[in-house]
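So the structure is just underneath, and the comments pick up after that.
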Amino acid sequence: MVEARDPSERTHALIVAAGVGARAGLDLPKQFALINGKPVVRHSVERFLSHPAIDDVWIVVGQGQQEQLDEALAPISGYSVVIGGATRQQSVYNGLKAIRAGGGAKNILVHDAARPFIPDRVIDDLLGRLMSEPSAIPILPSVDTMVQLADEQLDRTVDRNSLWRVQTPQAFDFAKLMAAHDRFAADQNASDDAQIFKAAGHVVTVVDGDECLKKYTLPADFNGDRRQDMRQTRTGMGYDVHRLASGEDLWLGGVKIDHDKGLVGHSDADVLLHALCDALLGAVAAGDIGDHFPPSDPQWRGADSTRFVKHAASLIAQKGGIIHNVDMTVICEAPKIKPHRETIRRNVAEILSIGIDRVSIKATTTERLGFTGREEGIAAQAIATISLEEN
C-alpha cells in the first residue's frame, strides 16, 4: 500500500460553483446547465480528478445546491463539498478554511466552474511556476481595440498592449493565500484571488492562458453558437483483431464474458477497447495503440485495456477536445453480443465520461467466412467523433 502524503504536501483544487448565474438567463444556476452533454461543473471536476498532480478536489456550492450538485456529478466520487457565502470571496474563503481544518495543503488551484474546459497544459504550467514562485495566473492578450466610455459614449481609446484577460484556475502557495484571505476586509469584495493575493503584498506571476478557458456567462454562451464557431470536427477510425484460444478470459469493452474461449494478446486482448483506443488516437493524429503501449514492453503484459482508452481520452482533453460519440462493431460468430451490449455501452460511457446515448455498439458475423467465421478470432471496428478548438 502506498502511504498517503502529509496533508501539508498535497495539491488541492478548489472549484467555485456557488453562484446563481443571473446573467445567463437560465432557469437554473449556470453551473448545472448542460454543455456538450454534461453539466458545466462536471467538466471541471472530471478534469481535476483525472490530473495526476491534483491530490484533492473541493467544490463550493450555494446554500441549497447540494442536491443539484449530487445529480450533476453522479456517479463520480472522491471530492469534498463546502457551502459558500454571499460573495465569491466569501465562498473561496469558506473553501480555504475547510481545507485548513483538514490539515492544510502545499498548493491550491482556485477555479471558476463557469470555465468548464481546462487544458492539462495550463494546469501543468501553473504548477510548474509554483515550484519557484508563490503564485501564477493564466492570462491572454486583448486583441480587440479597447475603449473607455463616459455616459455611454466613447471617451478615449485605451492601449490594448497594457491590458490582459485574466482566467482561472489560479495557483497559489496555500499558506500565503489562506493568510491573505484571513486579512481581507469582510466588507470588501474581489472578482478573483489574484487581487487578494497582491493586496497582501505578494507577487503574482503569469503563464499563457487558453481560449478553451473562456467563461460561460451570457445567454449566447449556452446556445452552442460561440463554442461551435470556434471548433473543428474530427473523426478517428480503429480496427483490431485477436485470436481466440481455450483457457483464456474473454474481455470485450471492459466486460468479462463467459465463453469457452478467450482472446490472446499481450494485454487483456480486449479487441473492442483496442479498436476504440485507436479511433480516439486517430482523431487527434496521435499515432496508434502500439506507439503508446508497445507489446514489447513487459509492463503492459495482462494490462487492463481500460487504461489505454483513458489515456487516449486524456490526450483529447489536453487539447481542449470533446468526445461527441463513439460507434463500434464487433465481428464474430460467437459469443452473442446482444445480451451484453447494454452492459458494455454503460462501461464504455463511464470510461469516457460521456452519456450512454453517445455510445453505440453493434455486432455482425461474416456468414461463416474467414477467420471470424471459423471462430478463430474476433475483430472490432470503431469510429470516434470529437471536436477541437480551431488553431
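None of the figures in this text is laboratory data; all of them are computed from the coordinates on show. Being a predicted model, the structure only gives us computed values, none of them experimental. So basically every Cβ, Gly included, is an ideal-geometry build from the backbone, and we count neighbours across all protein chains shown.
Considering only DSSP beta bridges whose two residues both sit in the chain, what percent are antiparallel, to the nearest 5?
Antiparallel bridges make up about 60 percent of those DSSP assigns within the chain.
Given H placed 1.01 Å from N in the peptide plane, which residues other than close sequence neighbours of Ile361 have an amide H under 5 Å from its amide H?
So Ile361 has HN proximity to Met328.
Return the FRET efficiency for the residue pair Glu376, Arg301: r is the Cβ-Cβ distance, R0 is 30 Å, and the value is rounded to the nearest 0.05.
Efficiency at R0 = 30 Å is approximately 0.85.
On the principal axes of its Cα set, how long, how wide and how thick is segment 232-389? Give whole Å, largest value first.
Result, largest extent first: 45, 35, 25 Å.
In debye to the nearest 20, how big a dipole does segment 7-229 give about its Cα centre with +1 on each Lys and Arg Cβ and -1 on each Asp and Glu Cβ?
In total the dipole reaches around 300 debye.
For a footprinting-style exposure proxy, rank His242, His340, His259 by other Cβ within 10 Å, fewest first.
Ascending Cβ contact count within 10 Å gives the list His259, His340, His242.
Run the numbers on segment 54-145 and let me know its relative contact order in percent, using alpha-carbon pairs under 8 Å that are six or more apart.
Contact order relative to length: 20 percent.
Only four residue types carry charge here, +1 at the Cβ of Lys and Arg and -1 at the Cβ of Asp and Glu. Report the dipole size of the chain about the Cα centre in Debye, rounded to the nearest 20.
Charge dipole of the chain: 300 debye, to the nearest 20.
Pick out, from Ala349, Val60, Leu127, the residue whose Cα sits farthest towards the positive end of the charge dipole of the chain, with +1 on the Cβ of Lys and Arg and -1 on the Cβ of Asp and Glu.
Val60
Would you please give the FRET efficiency between Ser314 and Gln232, computed as 1/(1 + (r/R0)^6) with r the Cβ-Cβ distance and R0 = 25 Å, to the nearest 0.05?
0.80
Please sort 132-141, 110-119, 321-330 by packing, taking for each peptide the average over its residues of neighbouring beta carbons within 10 angstrom, highest first.
110-119, 321-330, 132-141
If each of Lys198 and Asp288 carries a label point 7 Å out from its Cα toward its Cβ, how far apart are those two points in nm?
The modelled label-to-label distance comes out at 5.2 nm.
Along its three principal axes, how long is segment 7-154 when you only count alpha carbons? Whole Å, largest extent first please.
Cα spread of segment 7-154 along its principal axes, largest to smallest: 53, 41, 29 Å.
What relative contact order, as a whole-number percentage, does the chain give when Cα pairs under 8 Å and 6 or more residues apart are counted?
15
Between Asn325 and Ser246, what length comes free when the chain is fully extended (0.36 nm per residue of separation minus the Cα-Cα distance, one decimal in nm)?
25.0 nm
Which of the aspartates and glutamates could a cross-linker span from Lys319 if the Cα-Cα distance has to be under 16 Å and same-chain partners fewer than 8 positions apart are dropped?
Within the straight-line limit of under 16 Å, Lys319 reaches these aspartates and glutamates: Glu46, Asp120, Asp124, Asp125, Asp208, Asp210, Glu211, Glu389, Glu390.
With no solvent and one equal point scatterer per Cα, compute the Debye intensity ratio I(q)/I(0) for the chain at 0.11 Å⁻¹ and report its log10, rounded to two decimals.
Scattering profile of the chain, log10 relative to I(0): -0.87.
Taking the Cα atoms only, what angle lies between the long axis of helix 306-318 and the longest principal axis of the chain, rounded to 10 degrees?
With rounding to tens, the tilt is 40 degrees.
Go through Lys215/Lys310; Lys106/Lys256; Lys176/Lys214; Lys215/Lys362; Lys30/Lys362 and tell me which ones have a Cα-Cα distance over 32 Å in this structure.
In this structure, Lys106/Lys256; Lys215/Lys362; Lys30/Lys362 exceed 32 Å between Cα atoms.
Treating the angle as unsigned and between 0 and 90°, give the value, to the nearest 10°, between the Cα long axis of helix 341-352 and the longest Cα principal axis of the chain.
For helix 341-352, the angle is close to 40 degrees.
Taking 8 Å as the Cα distance limit and 6 or more residues as the minimum spacing, I'd like the relative contact order of segment 7-229 as a percentage.
Relative contact order of segment 7-229: 24 percent.
If each Cα of segment 337-391 is one equal point scatterer, what is log10 of I(q)/I(0) from the Debye formula at q = 0.13 Å⁻¹?
-0.48
Output the Cα-based Rg and Dmax of segment 181-281 in Å, rounding Rg to one decimal and Dmax to a whole number.
Taking only Cα atoms of segment 181-281, I get Rg and Dmax of 26.0, 73 Å.
Return one number: the angle in degrees, 0 to 90 and rounded to the nearest 10, between the long axis of the Cα atoms of helix 174-183 and the longest principal axis of the Cα atoms of the chain.
30
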